[in-house]
Amino acid sequence: MRAKCATTGTRCKTVVILSIRHCFTGKNGELELRNYKGRAFPFFAQNFVGYSAVSVLALSGALLLTGCGKTPPAPPTLAGIWNLQSIRYQLAASNGHPATDDNYVAKPGESPQEFTADGQVWFQRPTGTGSFRPYRFDGTIVVVSLGPYDIQWPVRELSAHRLVYQEVEDGSAGRFTQTFNYSR
């Protein structure tokens, strides 16, 4: 009987299909296992003499699991539109000023933050007009170029669905830290 292997498309005398992506093909007394990438793993029939079909299939299944490596997930990217969830405002005590710690919870759709794949970020000061500005990201800090100077946003968390970064300013009243929490 001739059958067609679902993975390789080849016709051979025998085919044992183990899954949609893996199959054994038999040619001239040899067994060949192909994984989902088409990589071949040869087996020789004489090595399996005296073993039951169940034993051979169990061994084959174990080999399949070890032969298929998982591709690591791509690292999260800043590119895309992020929805503001909250901002934490902290002022460290200094020069007679008391420490403060306040939280602001954003309204749905308020102040989205957009990072483009070509290195632009939407930047807007609270009372100013916004525009796209160049940025670079080294995996830990976003540096936004504002022309005569740059600002740095240390990234505290970045995943596929969550972005947390800070903006820190030192002034006469002390160190002022804003922690921005976004989701998408």
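Each value in this text was obtained by applying a stated rule to the coordinates, not by laboratory testing. None of these values were measured; they are calculated from a predicted model. All Cβ positions, even for glycine, are placed from backbone atoms using ideal geometry, and neighbour counts span all protein chains on display.
Annotations for the structure displayed:
- Identity of the residue in the stretch 83-142, among the aliphatic types (A, V, I, L, M) and in a strand (DSSP E or B), that ends up farthest from residue 153 (Cα to Cα): 105
- Of the criteria (1) more than 18 Å from the chain's Cα centre (by Cα); (2) exposed (fewer than 12 other Cβ atoms within 10 Å of the Cβ); (3) over 18 Å from residue 84 (Cβ atoms); (4) not aromatic (Phe, Trp, Tyr), which one residue 139 fails: (1)
Results for (1) surrounded by 11 or more Cβ atoms within 10 Å (Cβ to Cβ); (2) without any contact (Cβ under 8 Å) to a residue 12 or more places away in the chain; (3) among the β-branched types (Val, Ile, Thr), shown as yes or no for each residue.
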site: 79; (1), (2), (3): yes, no, no
site: 86; (1), (2), (3): yes, no, no
site: 100; (1), (2), (3): yes, yes, yes
site: 116; (1), (2), (3): yes, no, yes
site: 119; (1), (2), (3): yes, no, no
site: 123; (1), (2), (3): yes, no, no
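- Taken together, 111, 172 contain a single residue that is farther than 15 Å from residue 79 by Cβ and buried (at least 16 other Cβ atoms within 10 Å of the Cβ), which is 111.
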